[in-house]
Amino acid sequence: VSRNTYSAGIAGTGRMAKALGALLARSGIPVSAVGGRCLRSAEDAARFIGAPHAVPVSQLPEYARHIVIAVADDAIPLVAAELAAAGLTGGIVLHTSGAAGPEALGVLRAAGNSVGVLHPLQTVPDAERGVETLTGATFACAGDPDANAWAASLIGHLGGKALAIDPQRWQHYHAAAVMACNYHMTLVDAALELMEIAGLERATALEALGPIIRTTTENVLSLGPERALTGPIRRGDNGTLHRHLAALQDGSPRTRDLYIAAGLRTIAIAERVGLSTDSAGEMSRTLEARK
Ligand SMILES: NC(=O)c1ccc[n+]([C@@H]2O[C@H](COP(=O)([O-])OP(=O)(O)OC[C@H]3O[C@@H](n4cnc5c(N)ncnc54)[C@H](OP(=O)(O)O)[C@@H]3O)[C@@H](O)[C@H]2O)c1
């Protein structure tokens, strides 16, 4: 990892802009200015980061030719257009969104800049916590060669891990992140719905599920899905599936659909660790029949 210490400009004044800016400043990348659409927010972010200037986005290129854009996803092309209109050329620009690949900065590329993505594979609920959770985090990057090199250098300074993604496959990467993070909530929420039907208060149910959720997460991370899998599908227990499906008539249709879709996917995992083809077929038919 090259250790170039170009100073950086930050476009954006929200939690990611503040947390990432503050961490870069601490790790030896001077943040020369913060650009925002509202000057007060920019001043607030500049104070948090320890940057000497707060300016409108259009003035950012006067302070930095290396810029990280951390604004709301929909605003990324607008901010990119503002920077291009302000005459930024020969620079390097990264955005921090997982939802879009480097093409969101196409207007800046057309203006002669090297563009890419620097996506923290981590959740930042507020700037203060972001400073902690982004330290040593994994960052996915994709983009033009100079943009990739700068991203690698920033990640090196932050003590993070770099994950290089083919820009053509960016949406596969992001869908994976959404499944691992957001859809984890979805499964827990469906479990809570069923716990409520079983007579438990939601809060009590969530607390009760704490140990099994934590252990399961630890197990899947240390053992992988195949070895961590337990339960009726792993054992080939078709009768249990029948009883669950009958009980799920009391749940919402979405919960039933989710149970069936997750079950079919789980059979495939169990087959990789020895579930017989006969058992797999029998359980698949049980689930498919209720679709
Ligand atoms: N938070 C996370 O967990 C997380 C994780 C990974 C990646 N990201 C990415 O980081 C980026 C920033 O997210 P965030 O969580 O920091 O959001 P946030 O706290 O809601 O901040 C959004 C920022 O965008 C600015 N903005 C919106 N429209 C703008 C415009 N037209 N021109 C200039 N600035 C504009 C807002 O400015 P005002 O204050 O003026 O409204 C605000 O500073 C997003 O691309 C997001 O996908 C976030």
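Summary of computed values
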{"read-out": "Relative contact order %, the chain, counting alpha carbon pairs below 8 Å whose residues are six or more apart", "value": "12 percent"}
{"read-out": "Percent of C-alpha pairs per 10 Å bin, the range 40-135, short to long", "value": "16, 45, 34, 5"}
{"read-out": "Bridge type composition, the chain - antiparallel percent by DSSP, nearest 5", "value": "20 percent"}
{"read-out": "Candidates Ala247, Ala19, Ala152, ranked by Gaussian network fluctuation over the chain, Cα under 10 Å, top entry", "value": "Ala247"}
{"read-out": "Stretchable slack from Glu218 to Thr123, in nm (0.36 nm times residue separation minus alpha-carbon distance)", "value": "32.4 nm"}
{"read-out": "In the range 194-237, the GluC sites (Glu not before Pro) that fall in loop regions by DSSP, at most 12 other Cβ within 10 Å", "value": "Glu201"}
{"read-out": "Order of Lys291, Lys18 under a 10 Å beta carbon neighbour criterion, fewest first", "value": "Lys291, Lys18"}
{"read-out": "Gyration tensor (alpha-carbon) shape descriptor, the range 108-150, a/c threshold 1.5", "value": "prolate"}
{"read-out": "Estimated inter-spin distance, Thr230 and Thr204, nm [label 7 Å along Cα→Cβ]", "value": "2.4 nm"}
{"read-out": "Placed amide H near His66: partners under 5 Å, 5+ positions off or other chain", "value": "Gly9, Ile92"}
{"read-out": "Alpha carbon convex hull of the chain, volume per residue in cubic angstrom", "value": "156 Å³"}
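No value in this document is a laboratory result; all are computed from the given coordinates. Everything numeric here is computed off the predicted structure, so don't read it as measured data. Virtual Cβ from ideal backbone geometry, glycine too; neighbours counted across all protein chains shown.
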